[in-house]
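This report concerns only the one structure given below.
The values are calculated or read from the model by the stated rules, or taken from the named source; none is laboratory data. Keep in mind that what you see is a predicted model, and the values were worked out from it rather than measured. Neighbour counts run over all protein chains shown; Cβ positions are idealised from the backbone, glycine included.
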Ligand SMILES: *Cc1c(COP(=O)(O)O)cnc(C)c1O
């Protein structure tokens, strides 16, 4: 069976070595040494100033919204992302205002943002979808002009650079997911990232019940900490990320070559962006063709995923009146093909043969 992704597991001895240390110390959570070590390593690898390891990428989004005091306000956001991008806005008592995506990058379209701004607009929450950087410069200018905060859902953008530096250096707060399906993972996990010292102070106490010392509280917090066991997984996986990325790059190049005769539309990576090859999305000509491709692949035990379908404008808890024609059309036609370190070249060939048979 070939699935859309497969979790990379590090050599068990390497994980066990870190577990031995945990057993010796008897220290499983609450700012343990491995959490600190992982945070330091990630700050270095990603080239960012402050990073907090948290329980998952969804809580990372909720912390970001909370830390920026956005409650009650409107947040301009993308209809084309995983559900957590929108649900975290609603969960934090803000109103998501959807702005359509660019048909080429599939990220939030900056040209449409200003028309959606009202006196209640407080922030922009955009996703670097499939690791493709948003138009971060245009978004920064709009935010400056209108006094808005910017959060990037960078769950797909681990290791993505833009104009020679980590894309995580744009916006007020960036969030990452280290879920088992992501390029770099800790089983479950995530991070909030910022270069702002004041926001870092706030995020630091917010993820730990608001504690500032054992008997003191500085503000409202929640339990968003992560454990030594998850940090150990992260520390064991992290050294392999360059290899995983290289393997995915090679497989993506093979897909590109074999799919070329079919002329399928693919998201455009903007100039200056160095992608991480975390996904391999293609756009079929119609939903009908997509369903035929999925059925043909499933019949051969290949299970791609409709990332992301449906468009988030159709969620039952958002304003039903929003229309985002580009996102809705893209969501109906987009399919992520299998891409992971253990996928064989012959399997890519087989997948493309099945698709070609339907799309010819
Ligand atoms: C995976 C993902 C999340 C949620 O992360 P979890 O760690 O699973 O909570 C949020 N946004 C996007 C775009 C994602 O792909």
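Quick notes on this one:
- Qualifying helices (runs of 4 or more DSSP H) (wholly inside segment 1-115; at least 2 residues being touching a helix residue (DSSP H, G or I) at 6+ places or on another chain (Cβ under 7 Å) and within 16 Å of the ligand (Cβ to nearest atom)): 57-67, 83-91
- Selection within segment 320-342 - closer than 20 Å to residue 259 by Cα and in contact with a strand residue (DSSP E or B) (Cβ under 7 Å, 6 or more places away or on another chain): 330, 333, 334, 335, 336, 337, 338
- None of 231, 191 is buried (at least 21 other Cβ atoms within 10 Å of the Cβ), over 18 Å from the mean Cα position of the chain (by Cα) and either at pLDDT below 95 or not in a loop (DSSP other than H, G, I, E, B) (or both) except 231.
- Checked against the criteria, residue 202 does not count as surrounded by 17 or more Cβ atoms within 10 Å (Cβ to Cβ) and within 16 Å of the ligand (Cβ to nearest atom).
- Each residue in segment 297-308 was checked for being surrounded by fewer than 17 Cβ atoms within 10 Å (Cβ to Cβ) and not in a strand (DSSP E or B), and 4 pass.
- Hits in segment 144-156 - residues which are more than 9 Å from the ligand (Cβ to nearest atom) and buried (at least 19 other Cβ atoms within 10 Å of the Cβ): 148, 149, 150, 151, 152
Conditions tested, residue by residue: (1) surrounded by 15 or more Cβ atoms within 10 Å (Cβ to Cβ); (2) not assigned by TED's automatic domain parsing to the domain that holds residue 349.
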residue	(1), (2)
198	no, yes
208	yes, yes
211	yes, yes
247	yes, no
272	no, no
283	yes, no
288	no, no
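- Residue check, residue 191 within 16 Å of the ligand (Cβ to nearest atom), in contact with a helix residue (DSSP H, G or I) (Cβ under 9 Å, 6 or more places away or on another chain) and within 15 Å of residue 85 (Cβ to Cβ): no
- From the list 130, 184, the lone residue that is within 12 Å of the ligand (Cβ to nearest atom), part of a helix (DSSP H, G or I) and modelled with pLDDT of 95 or more is 130.
- In the condition set (1) under 23 Å from the mean Cα position of the chain (by Cα); (2) surrounded by fewer than 24 Cβ atoms within 10 Å (Cβ to Cβ); (3) in contact (Cβ under 8 Å) with a residue 40 or more places away in the chain, residue 136 is compliant with all but (3).
- Check on residue 176, assigned to a strand (DSSP E or B) and either within 15 Å of the ligand (Cβ to nearest atom) or assigned by TED's automatic domain parsing to the domain that holds residue 311 (or both): yes
- Test: residue in segment 139-151 that is modelled with pLDDT of 95 or more and under 14 Å from the mean Cα position of the chain (by Cα): yes
- The residues of segment 160-173 that are within 15 Å of the ligand (Cβ to nearest atom) and more than 22 Å from residue 203 (Cα to Cα) amount to a single one, 160.
- Hey, residue 111 without any contact (Cβ under 8 Å) to a residue 40 or more places away in the chain, more than 23 Å from residue 206 (Cβ to Cβ) and more than 22 Å from the chain's Cα centre (by Cα) or not: yes
Every residue, every condition in (1) buried (at least 21 other Cβ atoms within 10 Å of the Cβ); (2) at pLDDT below 95, yes or no:
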site	(1), (2)
320	no, yes
324	yes, no
329	no, no
334	yes, no
337	yes, no
349	no, no
354	no, no
357	no, no
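- If you check 31, 39 for being touching a strand residue (DSSP E or B) at 6+ places or on another chain (Cβ under 7 Å), assigned by TED's automatic domain parsing to the domain that holds residue 112 and surrounded by fewer than 22 Cβ atoms within 10 Å (Cβ to Cβ), only one passes: 39.
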